[in-house]
Amino acid sequence: MIINMSAEATEEEINHVIERVKECDYQAHVSRGTERTIIGAVGSGGRRNEIEALRAAPGVEDIIPITQPFKLVSQQVKHGRTIVDVRGVKIGDSDLIVMAGPCSVESRDQLFETARAVKAAGADMLRGGAYKPRTSPYDFQGLGIEALEWLKEASEETGLPVVTEVMSEADVEIVAKYADMLQVGARNMQNFSLLRRVATVNLPILLKRGPSATVKEWLLAAEYLLAGGNPNVVLCERGIRTFETGTRNTLDLAGLALARELSHLPVIADPSHGTGVRSLIPAMSSAAVGAGADGLMIEVHPCPERALSDGPQSLDIPGFAQLMQSLRQRARTFAGGAV
Ligand code: PEP
Ligand code: MN
């Protein structure tokens, strides 16, 4: 339920309502706007009548049900949009945030060459997989802790915060020691025990959309994180499985726009996994920006033909620099008003 306090409600009246909500075994999520405060009352619904009765409490203007099955991620419960701070990089603010780096960390040299190059080209964050979810057990599985150590070193040298995937509950503690943001990969979007575990970590989470998940299921997965106590969640559209075989996945930009409309959380796009095709990345990056994406995740490798994973969808270093330049030029064109 959403409790809209009137513009004239006093602090005492607001606190009284919050207390009553808690007494009814609901969580109270308070969002203070410039004009008025809204209180999201979220619970299993047992004492709903008592919440509804708060309509009569002083300072309450209106009580309306949260119409969506997801509650805390719904834009209904919050004034404005969430901005997620990853060691000083603000995702969801006005700037487009670019996370770039190799699909997998393969060696110290490969990582450092890529990290320095993406930093020079203007990336905001470094990505790189240490634990890789591979379709085949015979494919490269990632270098684990060694890769985490290099990611941390590369981050210290370049100043870029690191986002890296954690695949299992058992690895959460170690990955959280090295990373600035934990990635929950597409295949794990509905791994509810992993979601519950990362919800307790004091780091922001990048939640990728499952390849066959609806937008509603994706937002409900995010709800696990917020309900578990972690409000710092960024959603990532990385393509869904459709009948199309010309691309690896179908980057669902309507789904991205819908998620941004239904939720206050930032949403970024991953055109690398979203297409699987290097040449399509610049077009899909611009399209994602046009659809309202708060950021992009791009795979970059110094020599894609030698990559141990996802070479065909990785930009080389000059290709990434060119993409960054064209994104900047577009921003200038729009800012100047001439299209
Ligand atoms: C990745 O980012 O390297 C990755 C494996 O992504 P996804 O979970 O979207 O497939
Ligand atoms: Mn990849």
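The values are calculated or read from the model by the stated rules, or taken from the named source; none is laboratory data. Because the structure is predicted, anything quoted here is derived from the model rather than measured. Ideal geometry is used to build each Cβ from the backbone, glycine not excepted, and the neighbour counts take in all protein chains shown.
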Quick check on my filter: what residues within segment 146-183 are of a type in the set (S, T, N, Q) and either part of a helix (DSSP H, G or I) or over 17 Å from LEU207 (Cα atoms) (or both)? SER155, THR158
Out of the residues in segment 285-311 that are buried (at least 22 other Cβ atoms within 10 Å of the Cβ) and within 15 Å of VAL267 (Cα to Cα), state the one that is nearest to ligand 1 (Cβ to nearest atom). MET297
Since ALA227 meets every condition but one in (1) touching a Phe, Trp or Tyr at 6+ places or on another chain (Cβ under 8 Å); (2) away from ligand 2 (no atom under 16 Å from the Cβ), which condition does it not meet? (1)
Residue that is farthest from SER136 (Cα to Cα) [pool: residues in segment 160-203 that are surrounded by fewer than 20 Cβ atoms within 10 Å (Cβ to Cβ) and hydroxyl-bearing (Ser, Thr, Tyr)]: THR200
Quick check: is even one residue across segment 101-120 of a type in the set (Asp, Glu), assigned by TED's automatic domain parsing to the domain that holds ALA293, in a helix (DSSP H, G or I) and over 22 Å from LEU219 (Cβ atoms)? yes
How about segment 266-286: which of its residues are over 16 Å from GLY210 (Cβ atoms), more than 16 Å from ligand 2 (Cβ to nearest atom) and not in a helix (DSSP H, G or I)? PRO266
Among what's in segment 289-306 and is within 22 Å of THR164 (Cβ to Cβ) and part of a helix (DSSP H, G or I), pick the residue that is farthest from ligand 2 (Cβ to nearest atom). ARG306
Among what's in segment 88-100 and is out of contact with any Leu (no Cβ under 9 Å at 6 or more places or on another chain) and assigned to a loop (DSSP other than H, G, I, E, B), pick the residue that is farthest from ligand 1 (Cβ to nearest atom). SER94
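Could you pull out the residue among ILE39, ILE51, ILE91, ILE18 that is in the same structural domain as ALA222 (by TED's automatic domain parsing) and not hydroxyl-bearing (Ser, Thr, Tyr)? Walk me through how you get there before you give the answer.
Values: ILE39 fails: in the same structural domain as ALA222 (by TED's automatic domain parsing); ILE51 fails: in the same structural domain as ALA222 (by TED's automatic domain parsing); ILE18 fails: in the same structural domain as ALA222 (by TED's automatic domain parsing).
When all the criteria are applied, what remains is ILE91.
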Kindly indicate the residue of segment 227-248 that is polar (S, T, N, Q) and surrounded by 19 or more Cβ atoms within 10 Å (Cβ to Cβ) and also farthest from the chain's Cα centre (by Cα) among those meeting that condition. ASN230
Can you tell me how many residues in segment 185-230 are modelled with pLDDT of 95 or more and assigned to a loop (DSSP other than H, G, I, E, B)? 17
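If we keep just the residues of segment 242-265 that are of a type in the set (S, T, N, Q) and within 16 Å of ligand 2 (Cβ to nearest atom), which is nearest to ILE91 (Cα to Cα)?
If we filter segment 242-265 for residues that are of a type in the set (S, T, N, Q), which is where we start, we get 242, 245, 247, 249-250, 263.
Add one more test, that the residue is within 16 Å of ligand 2 (Cβ to nearest atom), and what stays is 247, 249.
On the way: THR247: 28, ASN249: 25 Å.
Selected residue: ASN249.
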Mind listing just one residue for me: the one in segment 5-36 that is among the polar types (S, T, N, Q) and more than 23 Å from GLY229 (Cα to Cα) and, of those, surrounded by the most Cβ atoms within 10 Å (Cβ to Cβ)? SER6
Selection from segment 152-192 of residues among the aliphatic types (A, V, I, L, M) and over 25 Å from VAL118 (Cβ atoms) yields ALA170, VAL172, MET189
Select from segment 235-269 the residues that are under 16 Å from ASP294 (Cβ atoms), in contact with a Ser or Thr (Cβ under 9 Å, 6 or more places away or on another chain) and of a type in the set (A, V, I, L, M) and list them in ascending order. LEU235, LEU251, LEU262, LEU265, ALA269
Does segment 248-255 contain at least one residue that is among the polar types (S, T, N, Q), within 15 Å of ligand 1 (Cβ to nearest atom), over 17 Å from CYS103 (Cβ atoms) and not in a helix (DSSP H, G or I)? yes
For segment 147-169, name all the residues that are under 20 Å from ALA221 (Cβ atoms) and out of contact with any Lys or Arg (no Cβ under 6 Å at 6 or more places or on another chain). THR164, GLU165, VAL166, MET167, SER168
